[in-house]
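*Asks:* Attaching a single structure in structure tokens format; questions to follow.
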Amino acid sequence: MKKLTERMLVRLLKNKKILFSHKSKEYVYWCTRSADFQAQTQTQTRVAAQPKLAIQRLSEITIPRADSKAQEWLSASMSEMRGSVDQLEASFRAKLADLTNLRQSLLQKAFAGELT
């Protein structure tokens, strides 16, 4: 499925007459990452040789409305969670690399006859 580009998103928001600040842009970004939004885009996408999501169909996609405080809170929460996920992923990759190194070290010692 084709990813939603910033240009497409701007057209969608202009079409829906949504004016937004930097904080609400972040809220809209997180909305576009939701499973509901992805399902809507998949439903609205027409496939012939290449998937196409026309502006008319794009305008039929709904974005949940929230007041500015709720948008700010949701955006901050999602950004914080994303940071935590990134840290966990980095930790996992480091541990995986350590295990790979340990395995190689054990194999090297086994083939050299150094294990008893």
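The values are calculated or read from the model by the stated rules, or taken from the named source; none is laboratory data. Fair warning: this is a prediction, and the values are worked out from it, not measured in the lab. Note: ideal-geometry Cβ built from the backbone for every residue, glycine included; neighbour counts use all protein chains shown.
*Asks:* In contact (Cβ under 8 Å) with a residue 24 or more places away in the chain and of a type in the set (A, V, I, L, M): does that describe A35?
*Replies:* no
*Asks:* From the set of residues in region 72-115 that are closer than 28 Å to C31 by Cα and of a type in the set (S, T, N, Q), which is surrounded by the most Cβ atoms within 10 Å (Cβ to Cβ)? Step through it out loud before you land on a result.
*Replies:* Quick first cut of region 72-115, residues closer than 28 Å to C31 by Cα only: 72-92.
Filter once more, so that each one left must be of a type in the set (S, T, N, Q): 75, 77, 79, 84, 87, 91.
On the way: S75: 21, S77: 11, S79: 13, S84: 10, Q87: 10, S91: 10.
Filtering region 72-115 for residues that are closer than 28 Å to C31 by Cα and of a type in the set (S, T, N, Q), the one surrounded by the most Cβ atoms within 10 Å (Cβ to Cβ) comes out as S75.
*Asks:* Another one. Search region 64-82 for residues that are under 18 Å from T32 (Cβ atoms) and pair each with any residue that is at pLDDT below 85 and not aromatic (F, W, Y) when their beta-carbon atoms are under 7 Å apart and the residues are at least 6 apart or on different chains.
*Replies:* Q71/K23; Q71/S24; E72/K23; L74/A66; S75/K23; S75/E26
*Asks:* Filtering region 44-60 down to residues that are of a type in the set (A, V, I, L, M) and at pLDDT 70 or above, which residue is nearest to T32 (Cα to Cα)?
*Replies:* Step one: filter region 44-60 for residues of a type in the set (A, V, I, L, M), giving 47-49, 53-55, 58.
Now restrict to residues that are at pLDDT 70 or above: 47, 54, 58.
Numbers: V47: 20, A54: 16, L58: 12 Å.
Filtering first and then ranking leaves L58.
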